[in-house]
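Taking it in order: structure first as structure tokens, then the write-up.
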Amino acid sequence: MLSEKGILILEKLIAYNHDAVTAKTLATSTGMSERSVKTYLKEVADFCEEQGMKLDRKPGKGIKPEFFEEQICAVQEMIGKDHHILTQKERQNYIAYILLSGWDTYTYALFSDELNVSKNVIVDDINDLSSEMETFGIEIHKMAGYGIYAKGEEFDVRKALRHFCRIPISDKQVINDVDHRLCHDAAEIIANNFRSVNLRMAAGAVHHVESDTNIVFTDYTFQMLVEYISIGLFRYDVGKELLDERFASEDIPNEYRRMAQKAAEYFEASNGLKLPVPEINYIAILFMCAEAQNCVITQNSDTESISDDIIVYLSNLLAANLIDNDLLGDSMRSFMPGSLFRTKYGIEIDNPFLEDITQSYGSLYTVCFAVSKFYEKYARSMPSEDEIAFIALQVGGALHRNPMTVRALLVCSGGFATGNIIAGKIENKIPDVNIMRILSSDKINEAFEHDCDLILSTIAFECDDIRFMQISPLVSFGDEKRIREKCFSLMTGQSAELSVFSNMIEDKMILFEKKVRNRKDIIKKAGQLLIDNGCVQAEFIKDVMEREKVESTEVGCRIAIPHGKPEHVLEPKIAVIRLENPIEWGKRQVDMIFMLAINFESVNTTKAFFHDFTKLLNENVVRERIREAKTPHELSQVIRSELGWN
């Protein structure tokens, strides 16, 4: 049987199943030294071999576990709950809960004993938490001979409890019969961390408001309401109420004040709990952050205008007519008021589709990052990746309902039957292409008279028509790549500023890093590179850091695009960092970082960037060539050749 540390490493390997993970990453996430990890990996490798579980060693990339589900289930049953050792995330979750709940007698030694790790690991965990909690206005204090405690305004503490305490502290089993809109994991967290009675009271209050107003809240905002109301009730129970009226009643629209009052009436009638005005206003703010399935809760000219401006902006970036899509307009006008309020007040939601959206709509998700400028303008803050993903989902749905296809003619010399085979091959490989007509080689001149977007020919022909492209009758991989690029260019609009954009990546702006182990260090290195080359002001690094704490800029394919405010940009440039080993970046790992010092206020510049960047994001072969480049110059040349800059 495995030792406890061997079990911890195996648990992490299961979490990284099908992905390469290095000893450094395992060390960081387990709280062990890299040397210890390498020692215990031998034990784990022997165990896996005995169990028939495959561990692939990838030179330069780490270990890639290839476990089957039945093997994972068997191992988890064999290990059992009694042997579970907390991961770094679980440790920090526990520490955050203790500190935010008001305990002030815990010391490093006590945390060390309870969590079965060294004091040095606890010190590192608390330092990491301290840095993250600063973004919530929470300070962690350490007093010699006394203890460690967290201090901040009550509203900020409640938001921090929701953000950091995402794992149940105890193991109370929960039967989620509250509402299908509340996921089981969220119900377990609330019941175990903030008391079962508060879970039921919060859900009951929201149901009461829905019944009274004939409103049905969306799944994700129903869950948000139950979470934050439960936390508010928990804090009020222990005497940590909102003492000052941070949210003045006159600043809250009447419809939300009425909702909060109805919730307060429910608490008093069902549990004899009479809430003071600041607590009722807190609940009103939460209702302002919610959306309904069956109606727009509040609608005014400002939010309508913002929604319409975002649609126009994205239409320009994507060169797609989203403006006339009434369903998208209605959807955005319903979504944006709550989204802006959530961003303004720092209220978080869980987007259950986040992972699928970043995978299925990777390019579109990346483009939608550009709408952050609207949130900065109207909410004075950055939206979370969950908010961005919801916009990408809505826009993606609109594009599917109004598909853009490239109308093409095919000219070939092999006869109609051969032409049909080639046309079928093209349409099967590249769904964006619609072969409208097949012409024989003797009618090639007629092709240029047709109203079409693309002319594909299996025969050579000299002409200046930019629609013309010669391909092989076999439709080679190279042909497929060129057709895809042409389609992308036609569907998103080639920018006049591409020649300017091609100068944004230079050899001197590319770094290969072996030792950097966290996101903060990478941001400092990339930012300093931009500062040293006169591209940005010193404030740029701090701005990027603040953005990353609110919104992870990981966009899929192990790539991140951190960026700062345009007012700190002196010269548009992109700093590129390629890592030898992937690191944690938000919820996923990355090994390629493109730090953007560009102006998203300029539609043309933004379109130019996303036009080319999404090509890199969409092509597996290109990404692998970038990762395999041996020098900054070689990496730069790969990008330039693939994007046609040379």
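The values are calculated or read from the model by the stated rules, or taken from the named source; none is laboratory data. Note that the structure is a prediction, hence the values are computed from the model and not measured. Heads up, the Cβs are rebuilt from the backbone with ideal geometry, glycines too, and the neighbour counts pull from every protein chain shown. These area figures cover heavy atoms from the full protein model, side chains too; ligands, DNA and RNA do not enter into them. Shrake-Rupley method; radii C 1.70, N 1.55, O 1.52, S 1.80 Å.
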* Asked: Within segment 276-293, can one find any residue that is within 31 Å of the chain's Cα centre (by Cα) and open to solvent by 20 Å² or more (accessible area, probe 1.4 Å)?
  -> yes
* Taking segment 315-336, which residues are open to solvent by less than 50 Å² (accessible area, probe 1.4 Å), over 24 Å from residue 289 (Cα atoms) and part of a helix (DSSP H, G or I)? -> 315, 317, 318
* Just give me the residues in segment 359-381 being among the hydrophobic types (A, V, I, L, M, F, W, C) and within 21 Å of residue 558 (Cα to Cα), in sequence order. => 364, 367, 368, 369, 370
* Look through 444, 459, 438 and report the one residue that is open to solvent by less than 70 Å² (accessible area, probe 1.4 Å) and under 12 Å from residue 408 (Cβ atoms). => 438
* From 36, 29, which residue is assigned to a helix (DSSP H, G or I), farther than 24 Å from residue 77 by Cα, open to solvent by less than 60 Å² (accessible area, probe 1.4 Å) and modelled with pLDDT under 85? -> 36
* Among 343, 303, which is the only one that is in contact with a Pro (Cβ under 9 Å, 6 or more places away or on another chain), modelled with pLDDT of 90 or more, closer than 24 Å to residue 397 by Cβ and buried (at least 22 other Cβ atoms within 10 Å of the Cβ)? -> 343
* So which residues in segment 545-581 are part of a strand (DSSP E or B) and among the basic types (Lys, Arg), if there are any at all? -> 573, 578
* Asked: Does residue 425 satisfy the condition of being basic (Lys, Arg) and open to solvent by 70 Å² or more (accessible area, probe 1.4 Å)?
  -> yes
* Structure fact -> Subset of segment 200-218, residues within 27 Å of residue 90 (Cβ to Cβ) and either touching a residue at least 60 places away in the same chain (Cβ under 8 Å) or open to solvent by 10 Å² or more (accessible area, probe 1.4 Å) (or both), comes to 200
* Qualifying residues in segment 133-165 (those that are at pLDDT below 90 and open to solvent by 30 Å² or more (accessible area, probe 1.4 Å)) - the one nearest to residue 548 (Cα to Cα) -> 135
* To do: With respect to residue 617, determine if the residue is touching a Cys at 6+ places or on another chain (Cβ under 8 Å) and modelled with pLDDT under 70.
  => yes
* To do: Please determine, by comparing only the residues of segment 505-516 that are surrounded by fewer than 17 Cβ atoms within 10 Å (Cβ to Cβ) and in contact with a strand residue (DSSP E or B) (Cβ under 8 Å, 6 or more places away or on another chain), which one is modelled with the lowest pLDDT.
  => 514
* Identify, please: which residue in segment 260-292 is under 19 Å from residue 213 (Cβ atoms) and among the acidic types (Asp, Glu) and is, among those, modelled with the lowest pLDDT? -> 291
* Quick one: residue 525 ticks every box in (1) out of contact with any helix residue (DSSP H, G or I) (no Cβ under 6 Å at 6 or more places or on another chain); (2) open to solvent by less than 80 Å² (accessible area, probe 1.4 Å); (3) at pLDDT 90 or above; (4) closer than 30 Å to residue 384 by Cα except a single one, so which number is it? => (2)
* **Residue in segment 145-164 that is more than 24 Å from the chain's Cα centre (by Cα), over 25 Å from residue 114 (Cα atoms), outside any loop (DSSP other than H, G, I, E, B) and touching a residue at least 40 places away in the same chain (Cβ under 8 Å) present** => yes
* Asked: Quick one: would you say residue 85 is under 29 Å from residue 231 (Cα atoms), at pLDDT 90 or above and not in a strand (DSSP E or B)?
  -> no
* Structure fact -> Only one of 248, 187, 264, 269 is crowded, with 22+ Cβ neighbours inside 10 Å and more than 19 Å from residue 101 (Cβ to Cβ), namely 187
* Asked: Does at least one position in segment 58-70 carry a residue that is open to solvent by 30 Å² or more (accessible area, probe 1.4 Å), farther than 30 Å from residue 234 by Cβ and assigned to a helix (DSSP H, G or I)?
  -> yes
* To do: For segment 552-570, indicate whether the set of residues that are in contact with a Pro (Cβ under 8 Å, 6 or more places away or on another chain), touching a residue at least 40 places away in the same chain (Cβ under 8 Å) and over 22 Å from residue 64 (Cα atoms) is non-empty.
  => yes
* **Members of segment 373-409 that are hydrophobic (A, V, I, L, M, F, W, C), modelled with pLDDT under 90, surrounded by 17 or more Cβ atoms within 10 Å (Cβ to Cβ) and not in a helix (DSSP H, G or I)** => 382, 406
* Could you please find all residues in segment 396-446 being touching a Gly at 6+ places or on another chain (Cβ under 6 Å) and more than 21 Å from residue 476 (Cβ to Cβ)? => none
* From (1) in contact with a helix residue (DSSP H, G or I) (Cβ under 6 Å, 6 or more places away or on another chain); (2) assigned to a helix (DSSP H, G or I); (3) without any contact (Cβ under 8 Å) to a residue 60 or more places away in the chain, pick out the condition that doesn't hold for residue 185. => (1)
* Structure fact -> Residue hits (segment 410-421; free of Cβ contacts under 8 Å to residues at least 24 places away in the same chain and in a strand (DSSP E or B)) are none
* Does residue 584 fit the bill of being modelled with pLDDT of 85 or more, among the charged types (D, E, K, R) and outside any helix (DSSP H, G or I)? -> no
* Does residue 87 satisfy the criteria of being under 30 Å from residue 150 (Cα atoms), touching a strand residue (DSSP E or B) at 6+ places or on another chain (Cβ under 8 Å) and either of a type outside the set (Lys, Arg) or open to solvent by 60 Å² or more (accessible area, probe 1.4 Å) (or both)? -> no
* To do: Please indicate, with yes or no, whether at least one residue in segment 582-594 is hydrophobic (A, V, I, L, M, F, W, C) and surrounded by fewer than 19 Cβ atoms within 10 Å (Cβ to Cβ).
  => no
* Asked: Any idea how many residues of segment 466-504 are more than 21 Å from residue 418 (Cα to Cα) and either at pLDDT 85 or above or touching a Pro at 6+ places or on another chain (Cβ under 9 Å) (or both)?
  -> 5
